[in-house]
Amino acid sequence: MNFYLLNNLDIIKTLIKTKPKAIARVYGSSLYNKVWGKLKFYNSELGVIVLSEVHNLPQTETNIFALHIHSGNQCEGNFDSAMGHYNPDNKLHPNHKGDLPPLFSNNGYAWSAVLTSRFTIEEIIGKTVIIHDKPDDFTSQPAGNSGVRIACGIIKVDE
């Protein structure tokens, strides 16, 4: 068995056998009030696994939606209270700790799993998750020209 397959099996075992350490329940803004979903955060030996499942995303030109962890701790109004990307090291975009790969909508439904070592679960508890209406261009500063904030959730310890 090669190293990569072994790591993949470890990740699958983590998702099947363990409970997430944190969850963000996301909900849409008043203009996108049908959007809802969950992001689950798991600890693994290789880093943090972020499992995303989102429903009722709007139809757009690309059906690709930017996904970021933001530094704020609230999801109020148009989600400006979520503040900017989580970026404690003041790095340029797309090297913020809160930069994540995009969500790809399939008829309004998106599911993804990402393994990252950019942050620990403990450091993102209380922060927010934001879904934007456009894909991140991974170039524009400070946030990738990712458009309007359409959904938000607060990352909380899963109890």
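Here Ala82 fulfils each of the conditions (1) surrounded by 14 or more Cβ atoms within 10 Å (Cβ to Cβ); (2) among the aliphatic types (A, V, I, L, M); (3) touching a residue at least 60 places away in the same chain (Cβ under 8 Å); (4) farther than 14 Å from Thr128 by Cβ apart from (4).
Residue-wise test of (1) in a strand (DSSP E or B); (2) modelled with pLDDT of 95 or more; (3) under 14 Å from the mean Cα position of the chain (by Cα); (4) surrounded by fewer than 19 Cβ atoms within 10 Å (Cβ to Cβ).
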position: Gly126; (1), (2), (3), (4): no, yes, yes, yes
position: Ile130; (1), (2), (3), (4): yes, yes, yes, no
position: Asp137; (1), (2), (3), (4): no, no, no, yes
position: Gly144; (1), (2), (3), (4): no, no, no, no
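Checking every residue in segment 71-79 against the condition of being at positive phi and modelled with pLDDT under 95 gives at least one match.
This table checks each residue for (1) more than 18 Å from Thr128 (Cβ to Cβ); (2) out of contact with any Ser or Thr (no Cβ under 9 Å at 6 or more places or on another chain); (3) at pLDDT below 90; (4) part of a strand (DSSP E or B).
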| position | (1), (2), (3), (4) |
| --- | --- |
| Pro20 | no, yes, no, no |
| Arg25 | no, yes, no, yes |
| Lys40 | no, no, no, yes |
| Glu61 | yes, yes, no, no |
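Just one of (1) loosely packed, with under 14 Cβ neighbours inside 10 Å; (2) under 29 Å from Thr14 (Cα atoms) fails for Glu76. It is (2). Cβ-Cβ distances below 9 Å connect the following pairs, each with a first residue in segment 129-143 that is under 18 Å from Ile155 (Cβ atoms), a second residue that is among the charged types (D, E, K, R) and in a strand (DSSP E or B), and a separation of six or more residues or different chains: Ile130/Arg149; Ile131/Arg149; His132/Arg149. Scanning segment 98-106 finds one or more residues that are assigned to a strand (DSSP E or B) and in contact with a Phe, Trp or Tyr (Cβ under 6 Å, 6 or more places away or on another chain).
Is there a residue in segment 46-57 that is crowded, with 17+ Cβ neighbours inside 10 Å, closer than 22 Å to Asp137 by Cα, over 13 Å from the mean Cα position of the chain (by Cα) and of a type in the set (A, V, I, L, M, F, W, C)? Yes; the residues of segment 46-57 include at least one that is crowded, with 17+ Cβ neighbours inside 10 Å, closer than 22 Å to Asp137 by Cα, over 13 Å from the mean Cα position of the chain (by Cα) and of a type in the set (A, V, I, L, M, F, W, C).
Taken over segment 63-96, the residue count meeting the criterion of being part of a loop (DSSP other than H, G, I, E, B) and over 18 Å from Ala22 (Cα atoms) is 18.
The values are calculated or read from the model by the stated rules, or taken from the named source; none is laboratory data. Since the structure is predicted, the reported quantities are computational estimates derived from the model, not experimental observations. Don't worry about glycine lacking a Cβ; one is built from the backbone with ideal geometry, like all the others, and counts go over all protein chains shown.
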